[in-house]
1. Translational D (Stokes-Einstein, µm²/s) of segment B:109-165 at 20 °C and 1.002 mPa s when Rh comes from the Kirkwood sum over C-alpha pairs?
2. What percentages make up the Cα-Cα pair-distance distribution of segment A:129-190 when the bins are 5 Å wide from 0?
3. Assuming 0.36 nm per residue, please report the length gained on full extension of the stretch B:Phe241 to B:Thr99 beyond their Cα-Cα distance.
4. Of the accessible area of segment B:22-173, with the probe set at 1.4 angstrom, what percent is carbon plus sulfur?
5. Once neighbouring chains are kept in place and the probe is 1.4 Å, which whole percent of the accessible area of segment A:28-113 is contributed by carbon and sulfur?
6. How large is the Rg to Rh ratio of segment A:96-141 when both quantities use alpha carbon positions and Rh follows Kirkwood?
7. Compute the distance in nm between two label points, each set 7 Å from the Cα along the Cα-to-Cβ direction, one at B:Val117 and one at A:Lys103.
8. Mind checking how much accessible area A and B bury in total, 1.4 Å probe, in Å² rounded to 100?
Amino acid sequence: MKKRLPKSTAGTAPVTTFARPAIARLVSIAIAIHLTAMALSFTATVEPSSFHRKLLSLLAPYQHTLHLDANQNTFYLAHGGTDEQPHRIQWTDSLDPSGDDWKPLVPETTAGLAASDRMARFLAAAAQWSDEERSSEVAALVRPFVLKEPNAIFVRIVRLPTELTTVVDDAAPPPYVARVIRSPGSVDLVQIKPARFVTTPSVSGPSVSGPALSERPAK
Amino acid sequence: MNPSHKTIDPQTTVRPIDHSTFSVQWNLFWFEPSSVRLVSQLRGLLCLVTACYFLSSLTDVATWYGSDGVLSRTQVADWSSSQSESGELRWRMSPLFLTDHLMVFRGWAIIGVVLCVAVAIGRGGRWASIAVWLTLIGWANRSLFVAGIAEPLLSLSWLAASIAPASTAITANGLFARPFFAVTDPRGLDRHWTATLSARLLAVQGTIIGLATFSTMMAGRVWWNGLGSYALAAPTQDRYFHAANWISPMMIHEPLTHLLLWILPLGLFLAWQPRYETIGRVLLVSWTIAIAVLTSHFLYASTLGIMFLAIRRNLDSTPSLSDSCTE
C-alpha cells in the first residue's frame, strides 16, 4: 500500500491508495459502533426511556469525551414549549418586586451567533431548574451576574411572550424571582416562590398560600 | 471489490467480481478510493464555520469563564460534587478545566481560528485537522450545558473531515474548482481510500441526523397543526431575521410547516439516488437555509448543510476500479 499522497499532482501520475483488508475490517467495526451510538443519541432528544438512558450512559465515555452526543438538545427545532420562549435575566433596585422597574442584567447580543446561543441556553436551563425546585443550583448560576450589579435588590428570570403564547401564558409568574441579601463577604439569593393553590383545608383563610421564602438561602 | 493493497495493473488478467454480497457493497461504499476534492471543498466550508464559531466565542469569554464567571472552576467543582450533575460532568474532559485565566481561553479560541486557516490552505497534514477537532472538543466540553446544537455537529463533522488526507481548499483541486453539485472528475487527481471514508462518514452522519430530526419533529403537535414554522420564528427577540412577520398569514406558515417537515426525508431519499441526487441536495440545502432564516441557528444550519452536501451515491469512482480487481 502506498503510504502517502504527493503534495501536488502537477506533472506526476495520480496515486491511488487502497485500504489493507485488516484495517478495513477494523474500521468497519468502528463505523458500525459509532453510527449506532450516534443514532441512539440523536433519537433521545424528546424523552428517552430508562433503557435508552442506560444505553447512552454506557456510551458516555466515548460520546461525552469527544462531544459527539446530542445531549438532549432540541434537535427537533421546535415543539412550541415554554422552554423555547426567549428568557431574560433582570434586576431592580426597587423594594417592590411586583413593580415594572426591571432592567436587563446582561446586555443583548447579536442573535444567531454562538454568544447569543449560549446565553439563551443558560437562561432556559436556569428557568427549567427553577421549575424543578432546584433553587440553590439556580442561585449558584445567577450569583455571578448579581455580583456585577451592586445595586440589585431583586433579580429574576422572565419568559418573554411570543407570537404563539396566550394571555394566560403571559400572565404566569416569572420562573425565578429572588431577593438579594448582602452581608460582608457574601451575597445570598433567597427565592421568592409565587402563591399557589393548595388542597389542604385552611381554617383562617382561603386555600391559597401566601408568598413564601425558599427553604434556605443559597450560598 | 474487496479492499486490496495492490494497484491495478492493466497487464494482469482482469475478472468481474460479484457486487451482490453485502460485504462487497459495504467495502465499495466505504473504502473504494476517491479523490480528495470533495472532502477538500467541504472541509474548506467547515473551516469557515468553525472559525466563525471561535470568533463569536471570543466575545463572551469573560461572562462564562475566569474566576468570576458562571462556569468558573469553583462553580464546576460544586456541580461535580452534587449528586445530580456528577454523572453528566464526569466525561466532559478538557484542559481548560485546569485554569481560570481568561487569556488562556482567548488564546485557545485564536489558536482554533489559526488552525482553521491552516487546514483550509492545506498546511499541517492530517494533524492540523485533528488539532482543529481537539481544540473544538476542548472548548465545547468546557462549555458544559451552555454548549448547544452546533457543537455536536461540528465535532461529528471534524471527526469525519480529519480522516481524509490534507489538501488545500482554495486552489484548483479545492473550493473554487467546480460547482458543488457536480460529480467530480477523478482523472489527474490522487485517490485515497480515506477520502472516501471521510466523505461517506459525513454523508451518513448527516443522513442519520436528518432522519432523527424528522422523526423527533413529528413528536410535536405544531408540526401537524401547521404552526411548526411559526413556532420556529415566533421568539422574535432571539431571532436575527424577524421572519414571523413574513410568514404570519395562515396560507404561508401552514404550507411552509408541512414543507419543512416532509422535505427533509424526501431530500435525503433523493440525494442517495444517482439520478436525482442533485435535486435531493438542492432540497436539503434549501431546508437548511429556511431553518437558518427562521431560527437564527446559523452555525447549526451551516454545519448540517455541509454534511448534506456530502450525500451522493457515487463519489468519483471509475468503472475500471469499481467493476474489476486483479487476480
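The values are calculated or read from the model by the stated rules, or taken from the named source; none is laboratory data. As the structure is a prediction and not an experimental result, all values here were calculated from the model. Please note: Cβ atoms are built from the backbone with ideal geometry, for glycine as well, and neighbour counts cover all protein chains shown. Surface areas here come from the heavy atoms of the whole protein model, side chains and all, with no ligands, DNA or RNA. Shrake-Rupley method; radii C 1.70, N 1.55, O 1.52, S 1.80 Å.
1. Numbers: Rh = 11.5 Å.
The Stokes-Einstein estimate is 187 µm²/s.
2. Percent of Cα pairs in each bin: 4, 16, 26, 19, 14, 12, 6, 2, 1, 0.
3. On the way: separation 142, 0.36 × 142 = 51.12 nm, distance 3.75 nm.
Here the answer is 47.4 nm.
4. Numbers: 3760 of 5590 Å².
Exposed carbon and sulfur together represent 67 percent of the surface.
5. 60 percent
6. Working: Rg = 12.9 Å, Rh = 12.3 Å.
Expressed as Rg/Rh, it is 1.04.
7. Roughly 4.0 nm, to one decimal.
8. Numbers: alone 15280 and 16610 Å², together 24740 Å².
Summing both sides, the interface buries roughly 7100 Å².
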